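Enquirer: Questions regarding the structure given below will be posed in turn.
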Amino acid sequence: MMMLISGLHVQACSCAEAEPLEKAFATRDAVFSGTVVNIEKPKPRWIQSSAALVTVTIKVDTVWKGDVGEVATVKTAISGASCGYPFVENKTYLVYASHDGKDWRTILCDRTAPLAEAQQDLAQLGPGKPPERPSTSFQTNSDRLLHSDHHISSSVAGREVQSVFLYTVS
C-alpha cells in the first residue's frame with residue numbers, strides 16, 4: 001500500500017469574538033441595511049476553492065456609513081470555512097463592509113447579521129439615512145454649466161409628459 005502525504009497547509013475561518021461596534025464602525029467603509037435580492041454563485045468547477053467569491057445583490061434600505069446606493073453588490077467567500085458570510089435570498093441584513101478599491105466585501109467575522117438579530121447595533125447606530133440615488137454624469141466641451149434646470153413638456157400617446165433635468169458640473 002502506498003500513501004501520499006502533502007505539505008498543503010490548511011486553515012479554517014476562526015472568529016474569536018465579535019468585534020465591538022465602535023471598532024467595527026470605525027474600520028469598515030460602509031454600514032447599511034437591506035434585503036438580499038440575488039445571490040450569484042461562481043460557476044461550479046471540478047475543484048473549487050472555498051474562497052471562491054459569491055456576489056450578493058442587496059436592495060439597500062438605510063445607510064449609516066459610506067457611499068452606498070439604492071442597490072449594493074457585496075462579495076463574500078462561498079464557504080464559511082473561508083470566512084464567507086451565509087447570506088440568504090429575501091432576508092434582510094445589517095451589513096458591515098469594506099471596499100477593496102473595486103468591490104464591497106464582508107466576511108463572517110464582521111458584525112454583519114440578520115436585521116432581526118442586530119437590534120443592539122441598530123439602537124446604537126441611530127436612525128441612519130436613505131441610500132444615495134444614482135447620479136448621471138456627463139462632460140461638455142463648451143461652456144461649464146454650474147446649475148441648469150431644463151423643463152420639457154411633450155405629448156405622448158395623447159398624454160402630456162413633463163420631464164425635468166438638473167445638471168451640475170464642477
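Enquirer: Give a residue-ordered list of calculated ³J(HN,Hα) values for the range 90-98 (Karplus: 6.51 cos²θ - 1.76 cosθ + 1.60, θ = phi - 60°; whole Hz; x for Gly, Pro).
Expert: 3J(HN,Hα) across the range 90-98, in whole Hz: 6, 9, 9, 10, 9, 10, 9, 10, 10.
Enquirer: Now, a different point. Per-residue counts of other Cβ atoms within 10 Å, averaged by peptide: what ranking do you get for 61-70, 120-129, highest first?
Expert: Ranking, from highest mean packing down: 61-70, 120-129.
Taken together, the values in this text are just the output of simple stated rules run on the coordinates, not laboratory data. What you see is a predicted model, and the numbers here were worked out from it, not measured in a lab. With ideal geometry, Cβ positions are generated from the backbone for all residues, glycine too; neighbour counts draw on all protein chains shown.
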